[in-house]
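Down below is the structure, laid out as structure tokens.
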Amino acid sequence: MAINEAGAASNQRRKGDHLRIAAGPGVGHRAGTGLEAVRLRHRALPESDLASIDLATDLLGHQLAAPLIVSAMTGGTQEAASINDRLARAAAGTGVGMVLGSGRALLEDPDLRETYRLAARPPLLLGNLGAAQVTPERALRVIDLLDLDGLSVHLNPLQEAVQPEGQPRFRGVLARIAATVERLAPVPVVVKEVGFGLDPEDVRRLHQAGVAAVDVAG
Ligand SMILES: Cc1cc2nc3c(=O)[nH]c(=O)nc-3n(C[C@H](O)[C@H](O)[C@H](O)COP(=O)(O)O)c2cc1C
């Protein structure tokens with residue numbers, strides 16, 4: 001099932017580049033997170049016991065120890081295997097959710113399965129596909145190959161526009177997301193951004209398309 005004319009090899013090289021670049025110097029965001037403006041009010045008289053504070057939550061029908069998800073990062077390269085294994089063991093050990101990296105390489109070569117997941121099983125485990133690549137059939141295939149609880153679809157029009165092997169084809173994406181939601185139901189479809197946030201109008205349209213949750217990312 002080839003989904004990119006540029007081929008699996010260039011895709012894998014790109015995923016390797018992402019890891020090397022992210023681990024290198026000078027990649028921090030210069031504009032801050034927006035949280036600099038937030039100051040929590042200190043209350044010296046809380047009238048509650050620390051032991052009574054429970055962060056456990058239900059997300060997409062799965063019980064998490066805290067409302068945290070390790071967001072989609074990698075898969076498809078040899079380095080990805082140990083990174084995903086360590087992230088999955090950390091998420092499983094602490095009871096939080098995890099999204100695997102883009103399944104584009106996996107669709108091109110199902111033998112790459114072990115670079116996405118080994119034995120550890122977080123309480124919520126989602127797969128990932130780009131909006132430019134997602135179809136109901138590909139979504140089902142990724143979920144089936146990796147035995148997942150759902151799919152997270154990433155919106156990355158800027159990235160697709162500037163990557164040499166990118167597919168900057170975003171016409172009809174919303175309809176394909178809606179078709180994927182319908183085909184996968186009751187298995188949930190989440191939509192995420194890759195670091196630049198989501199506009200409220202886009203969130204409204206995704207809600208109308210039936211997506212179970214959005215991850216605003218960044
Ligand atoms: C090395 C690296 C690889 C990533 N790969 C993916 C990916 O395959 N799919 C995806 O949806 N997002 C990917 N992302 C984006 C992250 O999931 C996340 O949305 C982004 O880092 C913004 O969140 P942050 O502000 O908490 O870092 C990647 C990010 C990094 C740093």
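I'm trying to understand the selection: among the residues of the stretch 84-114, which are out of contact with any strand residue (DSSP E or B) (no Cβ under 9 Å at 6 or more places or on another chain) and not small (Gly, Ala, Ser)?
Residues satisfying the conditions are Asp85, Arg86, Arg89, Thr94, Glu108, Asp109, Pro110, Asp111, Leu112, Arg113, Glu114.
What's the total number of residues in the stretch 142-171 that are under 23 Å from Ala209 (Cα atoms) and either open to solvent by less than 40 Å² (accessible area, probe 1.4 Å) or hydrophobic (A, V, I, L, M, F, W, C) (or both)?
Total satisfying the criteria: 15.
All but one of (1) within 14 Å of the ligand (Cβ to nearest atom); (2) open to solvent by less than 90 Å² (accessible area, probe 1.4 Å); (3) more than 29 Å from Gln167 (Cβ to Cβ); (4) not hydroxyl-bearing (Ser, Thr, Tyr) hold for Gly75; state the number of the condition that does not hold.
It is condition (3) that Gly75 fails.
Can you tell me which residues in the stretch 181-191 are more than 14 Å from the chain's Cα centre (by Cα) and either of a type in the set (Lys, Arg) or within 15 Å of the ligand (Cβ to nearest atom) (or both)?
Arg183
Gly93 passes all but one of (1) in contact (Cβ under 8 Å) with a residue 40 or more places away in the chain; (2) open to solvent by 30 Å² or more (accessible area, probe 1.4 Å); which number fails?
(1)
Spot the failing condition for Gln63; the list is (1) open to solvent by 40 Å² or more (accessible area, probe 1.4 Å); (2) over 21 Å from Val142 (Cβ atoms); (3) part of a loop (DSSP other than H, G, I, E, B), and only one is missed.
With (1) open to solvent by 40 Å² or more (accessible area, probe 1.4 Å); (2) over 21 Å from Val142 (Cβ atoms); (3) part of a loop (DSSP other than H, G, I, E, B) applied to Gln63, the lone miss is (3).
Closer than 23 Å to Glu193 by Cβ and either within 22 Å of the chain's Cα centre (by Cα) or in a loop (DSSP other than H, G, I, E, B) (or both) - does that describe any residue in the stretch 37-54?
Yes, the stretch 37-54 contains a residue that is closer than 23 Å to Glu193 by Cβ and either within 22 Å of the chain's Cα centre (by Cα) or in a loop (DSSP other than H, G, I, E, B) (or both).
The rows are residues; the columns are (1) within 16 Å of the ligand (Cβ to nearest atom); (2) within 16 Å of the chain's Cα centre (by Cα); (3) of a type in the set (Phe, Trp, Tyr).
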{"residue": "His154", "(1), (2), (3)": "yes, yes, no"}
{"residue": "Pro157", "(1), (2), (3)": "yes, yes, no"}
{"residue": "Gly166", "(1), (2), (3)": "yes, no, no"}
{"residue": "Gly172", "(1), (2), (3)": "no, no, no"}
{"residue": "Ala179", "(1), (2), (3)": "no, no, no"}
{"residue": "Glu193", "(1), (2), (3)": "yes, yes, no"}
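Considering the stretch 78-119 alone, what residues qualify as being within 15 Å of the ligand (Cβ to nearest atom) and of a type in the set (D, E, K, R)?
Answer for the stretch 78-119, where residues must be within 15 Å of the ligand (Cβ to nearest atom) and of a type in the set (D, E, K, R): Glu79, Arg86, Arg104, Glu108, Arg117.
What number of residues within the stretch 9-49 are within 13 Å of the ligand (Cβ to nearest atom), among the polar types (S, T, N, Q) and either free of Cβ contacts under 8 Å to residues at least 60 places away in the same chain or open to solvent by 70 Å² or more (accessible area, probe 1.4 Å) (or both)?
Number of matching residues: 1.
Are any residues in the stretch 174-218 of a type outside the set (Asp, Glu), in a strand (DSSP E or B) and either open to solvent by less than 30 Å² (accessible area, probe 1.4 Å) or touching a residue at least 40 places away in the same chain (Cβ under 8 Å) (or both), and if so, which ones?
The answer is Val189, Val190, Val191, Lys192, Ala213.
The values are calculated or read from the model by the stated rules, or taken from the named source; none is laboratory data. Values in this document were obtained by computation on a predicted structure and should not be read as measured data. Neighbour counts are summed over all protein chains in view; Cβ atoms, including those assigned to glycine, are modelled from backbone coordinates with ideal geometry. Side chains are part of the model used for accessible areas, which takes the heavy atoms of the whole protein and leaves out ligands, DNA and RNA. Shrake-Rupley method; radii C 1.70, N 1.55, O 1.52, S 1.80 Å.
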